[in-house]
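Chemist: Dropping the structure in here first, questions after.
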Amino acid sequence: MRVALTDFRWPVDPALARTRDDTTLVRTLYPTALRIDPATGNPVPGLCSGWAAADSFRTWRFTCRNAPAIGAALRRVGHLRAAPLHWLFAGVRISTPRSNVLVLRLPFAWRRFPYALTTPAAAPRSLPGPFRLVSGSADQITVRSASLTVLFRRYTTRGAGRAFERGEVDEASVPEGDIAATRARLGDVVRSRTLLAVDGVVLRRLMPALRRVYWNTTNRNDYADLIAESRGAAATSVVASAQKVTARDYRGALQAIQTLPRVRVRIGVPADADLRAGARLIYGDWRDIGLGPELVTEPARALDGSFGLWAAAYPQAEALPAELALRDGLGARDLALRALAANDQRGPLARFDADLRASARFVPIAWVVDARLVSPRLRGWREDALGDVDYGAVRSLASSRRP
């Protein structure tokens with residue numbers, strides 16, 4: 001099986017996995033403490049076979065194979081500030097009283113904490129995973145299991161699609177904004193799904209009234225139509241919500257522009273091609289109504305905001321609010337912690353979301369729609385809500401030069 005990737009780091013490091021392609025390689029090469037059941041979405045045994053909570057969900061005890069290796073991996077992430085999932089394990093006290101026992105003491109109550117051990121960060125580098133590494137470089141990685149060999153090859157965003165059409169690869173990404181056109185040309189080989197991830201803008205140093213104007217004048221519907229290519233992808237919340245920006249909200253924001261000082265707002269944008277296309281669309285809309293945004297390539301100093309993608313670390317409604325509150329300092333931390341401790345999270349999550357919206361420090365724009373070109377000869381290929389594919393469940397029919 002041949003897979004086109006566009007954005008991964010080499011060597012593969014679970015603690016530093018940042019992109020979807022990084023996560024793909026980590027899950028292929030390394031085992032995690034727990035896994036997600038694709039049918040139910042619940043944690044199921046991986047390296048750890050059992051778990052139980054104590055102290056009102058502040059202490060978790062796991063029964064695991066190679067508990068010291070798992071503990072060392074989690075300590076590394078908890079100490080490594082550059083790790084994207086550092087926030088999950090920061091402040092966690094980790095011990096392995098026996099070779100098969102892992103004890104984690106959390107700084108606060110967290111009822112669904114086992115989901116954290118399904119993330120790539122919980123994968124020890126010293127233990128073998130579903131596939132073994134055959135060869136690797138910055139441009140090509142080959143892995144093998146008992147039944148399948150997978151060749152991951154680096155392409156540009158556009159080059160991946162062209163390679164698929166030439167029959168050089170069996171799976172490739174479709175750039176945002178090209179989904180409908182690609183499906184019209186190639187048909188059912190295009191598979192897409194909405195992920196538990198959102199494109200948005202963080203506004204840091206602006207006065208509250210100006211932040212509110214930016215929030216209410218964000219053209220989410222155009223973004224959803226042209227970038228995500230799904231009107232239903234427009235987002236005004238980081239949890240399931242029916243709230244929308246009303247016509248009255250929009251008119252009020254336009255009137256407020258006339259009374260507010262026109263200030264330059266420097267918004268950082270990553271180098272990712274899809275995100276840059278989305279940022280330019282939003283930038284143009286804001287400029288057209290009289291606001292003063294300026295797009296700046298990250299990293300940069302003295303930014304007033306940042307455009308980017310926020311992806312859930314695990315498939316639960318709490319994941320994005322927890323990331324915003326615990327990692328980015330956005331929204332009410334106490335409300336996020338109540339949600340993490342609650343059995344019924346609907347109330348605490350709704351209150352967190354309402355507070356985040358009132359502050360206008362985070363502007364959700366659209367849920368991410370991921371589209372893939374997948375050869376018909378692949379059986380069992382399935383993408384989950386995080387964008388992950390379990391290649392251990394894939395069967396590849398006889399090799400073909402055509403997709």
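The values are calculated or read from the model by the stated rules, or taken from the named source; none is laboratory data. It should be emphasised that the depicted structure is a prediction, and the values quoted were computed from it without experimental measurement. Positions of Cβ are generated from backbone atoms using ideal geometry, with glycine treated the same way; all protein chains shown enter the neighbour counts. The protein model used for the area step is the full one, side chains on, heavy atoms only, and it has no ligands, DNA or RNA in it. Shrake-Rupley method; radii C 1.70, N 1.55, O 1.52, S 1.80 Å.
Chemist: Pick from region 201-219 the residues that are closer than 29 Å to Glu318 by Cβ and in a helix (DSSP H, G or I): which of them is most open to solvent (accessible area, probe 1.4 Å)?
Modeler: Pro208
Chemist: If I filter region 176-198 for residues that are over 30 Å from Ile141 (Cα atoms), more than 22 Å from the chain's Cα centre (by Cα) and of a type in the set (Val, Ile, Thr), do I get at least one hit?
Modeler: no
Chemist: Being open to solvent by less than 50 Å² (accessible area, probe 1.4 Å) and in a loop (DSSP other than H, G, I, E, B) is the filter here; which residues of region 220-265 pass it?
Modeler: Result: Ser230, Ala235, Thr236, Ser237, Val238, Val239, Val245, Leu260.
Chemist: Quick one: which of Thr118, Thr142, Thr96 is under 21 Å from Ala341 (Cα atoms), of a type in the set (S, T, N, Q) and open to solvent by less than 50 Å² (accessible area, probe 1.4 Å)? Give the steps one after another, and end with the answer.
Modeler: Working: Thr142 fails: under 21 Å from Ala341 (Cα atoms); Thr96 fails: under 21 Å from Ala341 (Cα atoms).
From the options Thr118, Thr142, Thr96, the qualifying one is Thr118.
Chemist: Just to be sure I understand, how many residues within region 7-34 are under 16 Å from the mean Cα position of the chain (by Cα) and either open to solvent by less than 60 Å² (accessible area, probe 1.4 Å) or among the basic types (Lys, Arg) (or both)? Can you show your working first?
Modeler: If we filter region 7-34 for residues that are under 16 Å from the mean Cα position of the chain (by Cα), which is where we start, we get 7-8, 14-27.
With either open to solvent by less than 60 Å² (accessible area, probe 1.4 Å) or among the basic types (Lys, Arg) (or both) added as a condition, the list becomes 8, 14-27.
Of the residues in region 7-34, 15 are under 16 Å from the mean Cα position of the chain (by Cα) and either open to solvent by less than 60 Å² (accessible area, probe 1.4 Å) or among the basic types (Lys, Arg) (or both).
Chemist: Where in region 288-403 are there helices (runs of 4 or more DSSP H), lying fully within it, with 1 or more residues that are over 29 Å from Arg276 (Cβ atoms)? Before you say what the answer is, go through the steps one by one.
Modeler: Values: elements: 319-322, 333-341, 346-359.
Filter on region 288-403 gives 333-341, 346-359.
Chemist: Tell me which of these Gly159 doesn't satisfy, since it passes every other one: (1) more than 30 Å from Cys64 (Cβ to Cβ); (2) of a type in the set (Gly, Ala, Ser); (3) touching a helix residue (DSSP H, G or I) at 6+ places or on another chain (Cβ under 9 Å); (4) open to solvent by less than 20 Å² (accessible area, probe 1.4 Å).
Modeler: All conditions are met except number (3).
Chemist: Look through Arg266, Arg251 and report the one residue that is basic (Lys, Arg), in contact with a Leu (Cβ under 9 Å, 6 or more places away or on another chain) and over 18 Å from Ala354 (Cβ atoms). Full working, then the answer.
Modeler: Working: Arg251 fails: in contact with a Leu (Cβ under 9 Å, 6 or more places away or on another chain).
The conditions single out Arg266.
Chemist: Which ones in region 172-195 are part of a strand (DSSP E or B), out of contact with any Lys or Arg (no Cβ under 6 Å at 6 or more places or on another chain) and open to solvent by 50 Å² or more (accessible area, probe 1.4 Å)?
Modeler: Ser192, Arg193, Thr194
Chemist: Please determine, by comparing only the residues of region 35-47 that are outside any loop (DSSP other than H, G, I, E, B) and touching a helix residue (DSSP H, G or I) at 6+ places or on another chain (Cβ under 7 Å), which one is least open to solvent (accessible area, probe 1.4 Å). Please lay out each step first, then the result.
Modeler: We begin by selecting, within region 35-47, every residue outside any loop (DSSP other than H, G, I, E, B); these are 35-36, 43-45.
Next cut, touching a helix residue (DSSP H, G or I) at 6+ places or on another chain (Cβ under 7 Å) only: 35-36, 43.
On the way: Arg35: 124, Ile36: 49, Pro43: 27 Å².
Going through the qualifying residues, I end up with Pro43.
Chemist: Report yes if some residue within region 333-352 is in contact with a strand residue (DSSP E or B) (Cβ under 7 Å, 6 or more places away or on another chain), in contact (Cβ under 8 Å) with a residue 24 or more places away in the chain and open to solvent by 20 Å² or more (accessible area, probe 1.4 Å); otherwise report no. Break it down stepwise before answering.
Modeler: In the first step, residues of region 333-352 are kept if they are in contact with a strand residue (DSSP E or B) (Cβ under 7 Å, 6 or more places away or on another chain); the result is none.
The answer is no, given that none of the residues of region 333-352 is in contact with a strand residue (DSSP E or B) (Cβ under 7 Å, 6 or more places away or on another chain), in contact (Cβ under 8 Å) with a residue 24 or more places away in the chain and open to solvent by 20 Å² or more (accessible area, probe 1.4 Å).
Chemist: Select, from Pro31, Pro45, the only residue that is closer than 27 Å to Arg379 by Cα and without any contact (Cβ under 8 Å) to a residue 60 or more places away in the chain.
Modeler: On inspection, the qualifying residue turns out to be Pro45.
Chemist: May I pose another question? Can you go through Val198, Val103, Val150, Val169 and tell me which one is modelled with pLDDT of 95 or more, assigned to a loop (DSSP other than H, G, I, E, B) and either open to solvent by less than 10 Å² (accessible area, probe 1.4 Å) or under 24 Å from Asn66 (Cβ atoms) (or both)? So that I can check it myself, show each step before the final result.
Modeler: Working: Val198 fails: assigned to a loop (DSSP other than H, G, I, E, B); Val103 fails: assigned to a loop (DSSP other than H, G, I, E, B); Val150 fails: assigned to a loop (DSSP other than H, G, I, E, B).
Only one candidate passes the filter, namely Val169.
Chemist: Go through region 336-352 residue by residue and tally those that are touching a Phe, Trp or Tyr at 6+ places or on another chain (Cβ under 9 Å) and closer than 28 Å to Ile267 by Cα.
Modeler: Result for region 336-352: 1.
Chemist: Can you tell me how many residues within region 317-332 are surrounded by fewer than 18 Cβ atoms within 10 Å (Cβ to Cβ) and in contact with a Lys or Arg (Cβ under 7 Å, 6 or more places away or on another chain)?
Modeler: Final tally of qualifying residues: 0.
Chemist: Sticking with this one: Test each condition in (1) touching a strand residue (DSSP E or B) at 6+ places or on another chain (Cβ under 7 Å); (2) touching a residue at least 24 places away in the same chain (Cβ under 8 Å); (3) surrounded by fewer than 21 Cβ atoms within 10 Å (Cβ to Cβ) for Arg287 and report the one that comes out false.
Modeler: Only one criterion is unmet by Arg287, namely (2).
Chemist: In region 359-386, how many are basic (Lys, Arg) and under 26 Å from Lys244 (Cα atoms)? Reasoning before the result, please.
Modeler: Filtering region 359-386 for residues basic (Lys, Arg) gives 361, 372, 377, 379, 382.
Narrowing the set further to residues that are under 26 Å from Lys244 (Cα atoms) leaves 361.
Looking only at that region, the number is 1.
Chemist: If you don't mind, there's one more thing I want to ask. Would you tally the residues in region 266-279 being open to solvent by 30 Å² or more (accessible area, probe 1.4 Å) and within 20 Å of Ala160 (Cα to Cα)?
Modeler: To start, the set of residues in region 266-279 that are open to solvent by 30 Å² or more (accessible area, probe 1.4 Å) comprises 266, 270-274, 276-277.
Checking which are within 20 Å of Ala160 (Cα to Cα) leaves us with 271-274, 276-277.
The number of residues fulfilling the criteria is 6.
Chemist: Scanning region 79-93 for residues that are open to solvent by 40 Å² or more (accessible area, probe 1.4 Å) and not small (Gly, Ala, Ser), which turns out farthest from the chain's Cα centre (by Cα)?
Modeler: This residue is Arg93.
Chemist: Right, another one. Taking the condition modelled with pLDDT of 95 or more, more than 22 Å from Leu324 (Cβ to Cβ) and either out of contact with any Lys or Arg (no Cβ under 9 Å at 6 or more places or on another chain) or surrounded by 14 or more Cβ atoms within 10 Å (Cβ to Cβ) (or both), does Leu309 pass? Break it down into steps so the answer makes sense when it comes.
Modeler: On the way: modelled with pLDDT of 95 or more: yes; more than 22 Å from Leu324 (Cβ to Cβ): no; either out of contact with any Lys or Arg (no Cβ under 9 Å at 6 or more places or on another chain) or surrounded by 14 or more Cβ atoms within 10 Å (Cβ to Cβ) (or both): yes.
No; evaluated as a whole, the condition is false for this residue.
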